[in-house]
Amino acid sequence: MKTSDFDYELPPERIAQTAIEPRDHSRLMVVKRGDGSLEHRRFYEVGDYLYPGDLVVCNDSRVIPARLLGRKLDGGAKVELLLLRRLEKGVWETLAKPARRLKTGTRVEMGSNPAIQAQVVNKTETGTVIVSLPDDEGLEKTGFVPLPPYIHHPLDNPDRYQTVYAREKGSVAAPTAGLHFTSDLMASLQEKGISFVFVTAHLALDSFRPVQAEDPGDHVIHKEYGIISPGAAAEINRARAEGRRIVCVGTSTVRILEHAAGISEKGIAPFSGWIDLFILPGHRFKMVDALITNFHLPRSTLIMLVSAFAGRELVLRAYAEATKLGYRFYSFGDAMLII
């Protein structure tokens, strides 16, 4: 298996720059693993493929304003920080511009009204900068919601890069498979007998980066911090015991469920901690029966995970058809339901 096995050609105009309105009017490709067939619908019709008793598992992580602009206290030079992931309370790994001028101990004033101070704690071998940011509340008022580098259109409404059920602050990138749900659609699915449960997986920007190693096995997967509450664990285990389908919304949800299932012999136990599971073809899924996801970057860990679930050949055929039929790709793009 090579990283190039997960490559495909995508015309730049297929990369969605803005979100569809209403949310649930995005296109939906239905991929059937049993016979390899593909169907084309709208997302608001997803209920046609869900059954009473299905348990839909969503990631309720909320994107934080992770892009910060400021100046060095010593000299006033401009500095930009992009928070990558929280290492511990008040300490973040960041991408910094210009990183070469930020020595350990450098203090930076970010934003204004109110301004918050960041201090460089360390610099890593990979070029990232570790900073302390003691004021999380100030961060909310000072920072900007970051968008992936392939989106060049400004975001008029920051809430459009949040799911309607986002509540636990911590991601620097949205769990985009959930962007297609509206409150009304969720209510209509619940009336049909479909249940929802929420777990938390805080996404880092590494989610979107292509794998550089020729052998995917040599790639070091990014870590995400995740939480499964006792109530959520009990509901997921109950669904599994009763033979009901578990439908994951997004690859981050798949990773946290499969990670938790791998550390317990009896279903899923309540969990909080770092997730470093890299799912490649050959993985035996324990907790996932169906998957709602977007169309992902070539050579990314996300398309590898989807290929592990549906089969690489079927996924690449689906991507080729989506390209041909004008589907919109990536974060603000269209959706895929794999059953």
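Hey, could you check region 258-292 for residues that are in contact (Cβ under 8 Å) with a residue 12 or more places away in the chain, acidic (Asp, Glu) and surrounded by fewer than 21 Cβ atoms within 10 Å (Cβ to Cβ) and say which is farthest from Thr200 (Cα to Cα)?
Filtering region 258-292 for residues that are in contact (Cβ under 8 Å) with a residue 12 or more places away in the chain, acidic (Asp, Glu) and surrounded by fewer than 21 Cβ atoms within 10 Å (Cβ to Cβ), the one farthest from Thr200 (Cα to Cα) comes out as Asp289.
Got a sec? Which strands (runs of 3 or more DSSP E) wholly within region 241-339 have at least 2 residues that are over 19 Å from Ser229 (Cβ atoms) and among the polar types (S, T, N, Q)?
290-294
I'm trying to understand the selection: among the residues of region 212-234, which are buried (at least 18 other Cβ atoms within 10 Å of the Cβ), in a helix (DSSP H, G or I) and modelled with pLDDT of 95 or more?
Ala232, Ala233
Counting just the residues of region 155-206 that are hydroxyl-bearing (Ser, Thr, Tyr) and in a loop (DSSP other than H, G, I, E, B), which one comes out surrounded by the most Cβ atoms within 10 Å (Cβ to Cβ)?
Out of the qualifying residues, it is Thr163.
Could you pull out the residue among Arg238, Arg244, Arg209 that is farther than 21 Å from Gln162 by Cβ, in contact with a Gly (Cβ under 6 Å, 6 or more places away or on another chain) and either surrounded by 15 or more Cβ atoms within 10 Å (Cβ to Cβ) or not small (Gly, Ala, Ser) (or both)?
Arg244 is the lone residue from the list that is farther than 21 Å from Gln162 by Cβ, in contact with a Gly (Cβ under 6 Å, 6 or more places away or on another chain) and either surrounded by 15 or more Cβ atoms within 10 Å (Cβ to Cβ) or not small (Gly, Ala, Ser) (or both).
I'd like the residue in region 43-94 that is touching a strand residue (DSSP E or B) at 6+ places or on another chain (Cβ under 7 Å) and small (Gly, Ala, Ser) and, out of all such residues, is surrounded by the most Cβ atoms within 10 Å (Cβ to Cβ).
The extreme case among them is Ser61.
The values are calculated or read from the model by the stated rules, or taken from the named source; none is laboratory data. As the structure is a computational prediction, the values presented were derived from the model and not from experiment. Note: ideal-geometry Cβ built from the backbone for every residue, glycine included; neighbour counts use all protein chains shown.
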